[in-house]
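Asker: Supplied in structure tokens, the structure appears directly below.
The values are calculated or read from the model by the stated rules, or taken from the named source; none is laboratory data. Since we're looking at a predicted model, the values are computed, not measured. Cβ sites come from the backbone with ideal geometry, for glycine too, and all protein chains shown count toward neighbours. In case anyone asks, the SASA skips ligands and DNA or RNA and just uses the protein heavy atoms, side chains included. Shrake-Rupley method; radii C 1.70, N 1.55, O 1.52, S 1.80 Å.
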Amino acid sequence: MVHTEKSTETAAVSNTNVMSSDAEDLKRTRSGSFSTPKAKVLRPFNTSEVKILLLENVNETAVSAFTKQGYQVETYSKALVGDELIEKIQDVHVIGIRSKTKLTKQVLEHAKNLLAIGCFCIGTNQVDLQAAAKQGVAVFNSPFSNSRSVAELVIGEIIMLARQLGDRNIEMHQGVWNKVSKACYEIRGKVLGIVGYGHIGAQLSVLAEAMGMTVYFYDVLQIMPLGQAKPLESLDELLAISDFVSLHVPETEDTQNMIGEHELRLMKDGAYLLNNARGTVVQIPALTKALQSGRLAGACIDVFPKEPAANGPHFDYYPELLACKNLVLTPHIGGSTEEAQRMIGLEVSQSLTKYINDGTSLNAVNFPEVDLRAIREDDKNTVRVLYIHQNIPGVLREINEIFSDHNVEKQYSDSKGDIAYVMADIADVTDVKSLYTAIVQTRANIQTRVLY
Ligand SMILES: O=C(O)C(=O)COP(=O)(O)O
């Protein structure tokens, strides 16, 4: 995608001067000028040509950030699947999703114009990250903006389980007064075992200690414990000593089916399990059995191996589980707060905008990470080449041969697996089209953009 006509847009980045007037005077006297050069706003295309498709109720903050850029934005409140998804993804430049929409290799093959994917959540398991990278599509997410919301929910759930609040609530709604204290406990002094000590696990650890719980955790990485939390060497050890086990791991090959019959048997009699991570981590039939037999005293489950794509009265996948006692079920709402969604909307829309407008891929999860300082507005004929290519020997020689008639102002190259990315600011380019054509003809080219 490249347009040869020059953009007539003026700089949107204002020359904000934060100096005090004394400092300004000083600078004026010394240099005879007090204006710093503006950053040039790069446009490979009319911004109104950029099509953004946002699914699953992505927050309004993202919609308005994109609209402010002048992009076309289309929104859906549900996840799209099958032919509908394929039809919609065909001509968009960016797709924004949350945890439900599955962007498989097959779906991505239809996305001929796609530059980037925004996961407006933490998890990126719903996207075939490698297939996206191979197509030159960068994937961004929000690594921690909803972690506090999830951690708070877990604290609430621990108390719900300890006091059987789910059951009492159902009974009251049915008109049943059932005042009992048997097998209802305080959480003070109880052991919380956290599986996965990332952003969420670590937040939870701090909150749980403030409630008087003793915290242990298990993680495959060596992570510094917060507060008094203690790391354990193995999952088995953690399961054996915890009154509450809370899962906070991503979905990977290693975590799929991680909690099954064997693991549940290792848990203490009367312990509780909480899963606010990914549905595939817990084997539902094994959990159902453990609850039915009374081995576990209760569970909170927010995520399921199979979840509906849209809201509505159709959650009927696990009838046996639904009949269990002291089982609190929620529809994947761990990160669903106004605060988290607002923050995620801002964060991911900003990453995507920087990638579209400047080529910056910092914090992409599947992609080489590159960035360069802005081109100055007065560097009139300087263009920015964004060259996503196969990571094979000899490519940099080839590309620099193409650049050799010009001055390369600055250049940054990075690779990740099979994919590499060159960002180069090239001076004195009067024929953008020829430069672009020469680059896309290189044998390693995956996707090239020239911004000017
Ligand atoms: O952040 C995540 O990965 C979550 O699981 C939250 O997903 P959601 O944005 O609510 O679909």
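Asker: Once each part is reduced to its C-alpha centroid, what is the distance from the stretch 359-394 to the stretch 149-180 in angstrom?
Answerer: 52 Å
Asker: I would also like to ask the following. With axes computed from alpha carbons, what is the tilt in degrees of helix 60-69 against the longest principal axis of the chain, rounded to the nearest 10 within 0 to 90?
Answerer: It is inclined by approximately 0 degrees.
Asker: Taking only protein heavy atoms into account and a 1.4 Å probe, give the accessible area per residue of the chain in Å².
Answerer: I get 49 Å² per residue for this part.
Asker: What's the angle, to the nearest 10 degrees (0 to 90), between helix 338-358's Cα axis and the longest principal axis of the chain?
Answerer: 30 degrees
Asker: Something else about it: Placing unit charges on C-beta atoms (Lys and Arg positive, Asp and Glu negative, everything else neutral), compute the dipole magnitude of the stretch 374-451 about its Cα centre in debye, rounded to 20.
Answerer: Computed about the Cα centre, the dipole is about 260 debye.
Asker: Just tell me the longest site-free run in the chain, where the sites are trypsin sites (Lys or Arg not before Pro) in a DSSP loop having at most 15 other beta-carbon atoms within 10 Å.
Answerer: Between exposed loop sites, the widest span is 189-294.
Asker: Relative contact order for the chain using alpha-carbon pairs under 8 Å, separation at least 6, rounded to a whole percent?
Answerer: Reported relative contact order: 16 percent.
Asker: Would the stretch 172-299 count as rounded, prolate or oblate if I go by the C-alpha gyration tensor, calling it rounded below 1.5 in a/c and otherwise prolate when a/b exceeds b/c, oblate otherwise?
Answerer: Judged from the Cα gyration tensor, the stretch 172-299 comes out oblate (a/c at least 1.5, b/c at or above a/b).
Asker: Right, something else. Roughly to the nearest percent, how much of the accessible area of the stretch 85-189 is carbon and sulfur, given a 1.4 Å probe?
Answerer: Carbon and sulfur: 53 percent of the exposed surface of the stretch 85-189.
Asker: Next up: Which of rounded, prolate, oblate describes the chain, given a ≥ b ≥ c as roots of the alpha-carbon gyration tensor eigenvalues and a/c under 1.5 marking rounded, otherwise prolate only if a/b is larger than b/c?
Answerer: Prolate.
Asker: Can I ask one more? Output the antiparallel fraction of DSSP beta bridges having both residues in the chain, as a percent to the nearest 5.
Answerer: In the chain, DSSP labels about 35 percent of beta bridges as antiparallel.
Asker: Let me have the 222 nm mean residue ellipticity of the chain computed from DSSP H runs of 4+ only, each contributing -39500 (n - 2.57), with the sum over all residues rounded to the nearest 500.
Answerer: Rounded to the nearest 500, it is -9000 deg cm²/dmol.
Asker: I've got another one for you. Using a 1.4 Å probe over the heavy atoms of the protein chains, calculate the carbon and sulfur portion of the accessible area of the stretch 374-451 as a whole percent.
Answerer: Accessible surface attributable to carbon and sulfur in the stretch 374-451 totals 42 percent.
Asker: Reachable lysines from Lys410, Cα under 23 Å, same-chain residues fewer than 8 places away excluded?
Answerer: Within the straight-line cut-off, Lys410 pairs with Lys6, Lys38, Lys40, Lys354, Lys380, Lys433.
Asker: Could you work out the relative contact order of the stretch 37-160? I mean the mean sequence separation of Cα pairs under 8 Å and 6+ apart, divided by the number of residues, in percent.
Answerer: Contact order relative to length: 20 percent.
Asker: When the accessible area of the stretch 38-80 is computed with all protein chains present and a 1.4 Å probe, what percentage of it is carbon and sulfur?
Answerer: 42 percent
Asker: Dividing the convex hull volume of the alpha carbon atoms of the stretch 129-223 by its residue count, what do you get in Å³ per residue?
Answerer: It comes to 153 Å³ per residue, whole-number rounded.
Asker: Right, next: Need the C-alpha centroid separation for the stretch 228-288 versus the stretch 434-451, integer Å.
Answerer: 49 Å
Asker: With a ≥ b ≥ c the root eigenvalues of the C-alpha gyration tensor of the stretch 361-452, is it rounded (a/c under 1.5), prolate (a/b larger than b/c) or oblate?
Answerer: oblate
Asker: Can you give me the angle between helix 21-31 and the longest principal axis of the chain, using Cα atoms only, in degrees from 0 to 90, rounded to the nearest 10?
Answerer: 40 degrees
Asker: Could you work out the local net charge near Ala62, counting Lys and Arg as +1, Asp and Glu as -1, over the other residues with Cβ closer than 10 Å to its Cβ?
Answerer: That works out to -1.
Asker: Could you tally up the Lys pairs in the stretch 149-329 with alpha carbons closer than 18 Å? Skip any pair fewer than 8 positions apart unless they're on separate chains.
Answerer: Step by step, the pairs that qualify in the stretch 149-329 add up to 8.
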